[in-house]
Amino acid sequence: MAERDYLTTRDFLSARDFFETVRDAVLEGERAQRQIKAMKAGEGIRPASLFGGRGGGRDASGMARVDARIDLESVYERRIAEAASLVAAARDVIYGRDQEPGGVAALVGPVAADALFWRFCKAESWHVVMASCGVSESTCRRMVDVGIDAVQAYGISRAIAGVGVAEG
């Protein structure tokens, strides 16, 4: 598998900024998908008017809606791909790369890794993060902070490898 061109913590103000950017990208991607889905739903067959059309500017074929959706999809396609790339990079930071133990999970433990994953890669609420990790909300928040601090201290590429200061 080819190496990805990973961002470094220098590409962001901080590791927290990196994870917040991932979360924002996930939320934007979900919003784009919902908007496209709503537009597709509006493309269905429309009943004819009982009182006759006024002619002129009306789109009789209904293709204007389809064209607008296709145009929007092309704009959102790039954003959705960028979000997927950021999520993949964050997943590697959290769990390591290519099934090798590493990431935040190796540096500070699986609870911190899972809390980071659910909060940022899945953009979930604290309630969902808490339920997914099986610990209290305050523990989840603390574990997220611990994980982010580890990434900030070691850097993204070292965090991916699960390499701390002593190993490096």
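The values are calculated or read from the model by the stated rules, or taken from the named source; none is laboratory data. Only a predicted model underlies this, so the values are computations on that prediction, with no experimental measurement involved. Glycine also receives a Cβ, built like all others from the backbone with ideal geometry; neighbour counts cover every protein chain displayed. Protein only, heavy atoms only, side chains kept; ligands, DNA and RNA dropped before computing areas. Shrake-Rupley method; radii C 1.70, N 1.55, O 1.52, S 1.80 Å.
A few remarks follow.
- Charges were assigned to the Cβ only: +1 to each Lys and Arg, -1 to each Asp and Glu. The resulting dipole of the range 68-161 about its Cα centre is roughly 100 debye.
- Solvent-accessible area assigned to carbon and sulfur over the range 65-168 amounts to 52 percent, based on a 1.4 Å probe.
- In the context of the full set of protein chains, residues of the range 122-165 present 49 Å² of accessible surface per residue (probe radius 1.4 Å, heavy atoms only).
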